[in-house]
Each structure stands twice: as structure tokens, then as C-alpha cells.
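Data block below; observations after.
No value in this document is a laboratory result; all are computed from the given coordinates. Everything numeric here is computed off the predicted structure, so don't read it as measured data. Every residue, glycine among them, receives a Cβ derived from its backbone with ideal geometry; neighbour counts consider all protein chains shown.
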Amino acid sequence: MKKSGKPSAGMILISEPALNDYFFRQSVVLLADHGKEGSFGVIVNKPLDSKLNEVVKGFPEFDAPVFLGGPVKTDSLFFIHRLHDIEGSLRIFDGLYWGGNLDRITELIRKNLLSHDQIRFFVGYSGWSPNQLDREISENSWIISQTNIEEIISPHPEHLWTQFIRSLGSDYAIWANFPPDPQMN
């Protein structure tokens, strides 16, 4: 994994281990956008204990996990996907997109044309006002790094934080064994 200094769409934010925040403790955030107006993305390593049909009533049967995307708009559903032809989608990087026409997604699910490795659903998202994320990075709350689709749509997302920390090399290796809640140690 290559560590990088500037946040941009498609990069990931890896929280430093002592970040004491319910949402962001040991989290990996995929940035969907970063610019003058601020930044937003989703936490990709925190699956909830609920399936999509338990969270969204009336949605077609699709036994997909739902993830905690962040603290903003936790009453709303967001999604990232690998489908290049969904109207209204925002390209995050080649082969990965944010949102788009939910009716089209629903239609693909009804027709059994969508698999779990093509889409991820999130309750809430992570957002930062202008310059807020840059300030948090300068305070060493986040490490910025590159990623790929296979990592983001991992079959074991709950291990992503540890995997990314280990891939950063020996300077960060001790972090991989950091307990989720140091006060409970």
C-alpha cells in the first residue's frame, strides 16, 4: 500500500488508533469526494448486524449487509457500486461509483442481476466541512492511502483497518495490535 499526503476522491482515510470517536475509532473511510466545498465518503469496515431488508422495509429481497457509513444522515441509505451505467452516479475511481438512481438498483435486484460483490449499502455517511478534513489530517488523526476495489468490497471488511495498518510497514506495525477501546485494556 502506498501512503499519500493529499486527500482526494478514491483515497482512503485510516484512523490513528487512539482516535476516540464512536464512529471513527479504528475506521477506514473511502473518500467519494474532496474539494473546496468539503469532503464526504463512507466507513467501509463497519458492517452492522442487520441485513438490507431489515433496515429498508419494502426493498426487494437482497440478503446484503449494511454498513455504518458515518455520523451524517444516519436515517438515510447510501451506496457505492461497480456499475458504470447507473444514471446519476458519481465516479470515485475507475470501476467504483457513488450513488445514482435507486430505482434502477431496485430493478436490478428484482431481476436478480446484482450480486453482493457489486454493491455496498451504508446507513449514514462521513462528511467534513471545508478545510475540516485537512485540519484533522494535520493533527495526525488520519493516514491517507490508496486503495482498490477488491479492498473496498472485501469479503471480510471488519479486518480492513488492521490489514491497512500492517501494510503501511514497520513504523505502524504496533498499531495493528492496538485494542479497539484502550480504556478496556
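A few comments on the model shown:
- Trypsin sites (Lys or Arg not before Pro) within the range 1-62: DSSP coil, no more than 13 neighbouring Cβ in 10 Å: K2, K36, K57
- The range 52-111: C-alpha gyration tensor shape, a/c 1.5 cut-off, then a/b vs b/c: oblate
- Mean ellipticity per residue at 222 nm, deg cm²/dmol - from DSSP H runs of n ≥ 4 across the chain, formula -39500 (n - 2.57): -4000 deg cm²/dmol
- Coil-residue GluC sites (Glu not before Pro) of the range 115-178, DSSP, other Cβ within 10 Å capped at 12: E139
- Note, ³J(HN,Hα) from phi for the range 135-143, Karplus 6.51, -1.76, 1.60, rounded to Hz, x at Gly and Pro: 5, 5, 5, 5, 8, 6, 7, 9, 10
- Whole-angstrom gap from the range 149-173 to the range 41-117, using each part's C-alpha centre: 22 Å
- Residues whose amide H comes within less than 5 Å of that of N45, counting only those at least five positions distant or on another chain, are V28 (H built at 1.01 Å from N in the peptide plane).
- Checking every one of the chymotrypsin sites (Phe, Trp or Tyr not before Pro) in the range 1-67 against DSSP loop status and a limit of 11 other Cβ atoms within 10 Å picks out Y22.
- Per residue convex hull volume, Cα atoms of the chain, in Å³: 119 Å³
- The phi torsions of the range 88-104, fed into the Karplus equation with coefficients 6.51, -1.76 and 1.60 and a -60° offset, translate into couplings of x, 6, 9, 6, 8, 7, 3, x, 9, 9, 10, x, x, 6, 5, 4, 5 Hz, rounded to whole numbers, with Gly and Pro shown as x.
- The gain in end-to-end length when the R110 to E150 segment is fully stretched comes to 11.9 nm, 0.36 nm per residue minus the alpha carbon separation.
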